[in-house]
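Some notes on the structure that comes next.
The values are calculated or read from the model by the stated rules, or taken from the named source; none is laboratory data. Remember, predicted model here, so these are calculated numbers, not experimental data. Quick reminder, even Gly has a Cβ in these numbers, built from the backbone with ideal geometry, and neighbours come from all protein chains shown. Please note that ligands, DNA and RNA were not included when accessible areas were found on the heavy atoms of the full protein model with its side chains. Shrake-Rupley method; radii C 1.70, N 1.55, O 1.52, S 1.80 Å.
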Amino acid sequence: MLICHNEEELNGMIKQNRRTVVFVHTAMCGTCRLAERFLTIVEPMFENVTVVKADISFFPALAGEHKIESVPCVLYFIDGNRVDRQYAVHSVSYLYDTFSRFTTAKEDHT
């Protein structure tokens, strides 16, 4: 999981990679820590997906642009366009299924 430190770096990663997952969190969020553990288990199974971690406290433009209402939040991008937003990670198997659908999805700009 890559860690982004600023909006410019994050936007570059989203545009540079075909499929990008952005894990939006805060440092003091217990649910975020659990979701991050789930992501670290699932991430290696999907070599064609770049997973990026961003602390929402440092990404106000991201929060506004994607209307992030709470954390943890997982944003899914294909070719720089957000195709999905997920607030509940649930479990490793749920996240695995979501990644599976994401890696086979075509861009639909939802």
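What to note about this one:
- Cα gyration tensor shape of the range 1-45, rounded if a/c is under 1.5, else prolate or oblate by comparing a/b with b/c: oblate
- Projected over every direction and averaged, the convex hull enclosing the alpha-carbon atoms of the chain yields 6.0 nm².
- For the pair Met45 and Met1, the difference between a 0.36 nm per residue extended length and the Cα-Cα distance amounts to 14.6 nm.
- At a probe radius of 1.4 angstrom, the accessible area of the range 50-97 per residue rounds to 47 square angstrom.
- Charged-residue dipole, Cβ positions (Lys, Arg, Asp, Glu), the chain about Cα centre, Debye nearest 20: 200 debye
- Stokes-Einstein, applied to the Kirkwood radius of the range 57-104 over Cα pairs at a viscosity of 1.567 mPa s and 4 °C, places its translational diffusion at 110 µm² s⁻¹.
- Rounded to the nearest 10 Å², the accessible area of Met45 at probe 1.4 Å: 110 Å²
- Rounded percent of accessible protein surface that carbon and sulfur make up, the chain, 1.4 Å probe: 53 percent
- Cβ screening of the chain for cysteine pairs under 4.7 Å finds these without a partner: Cys4, Cys73.
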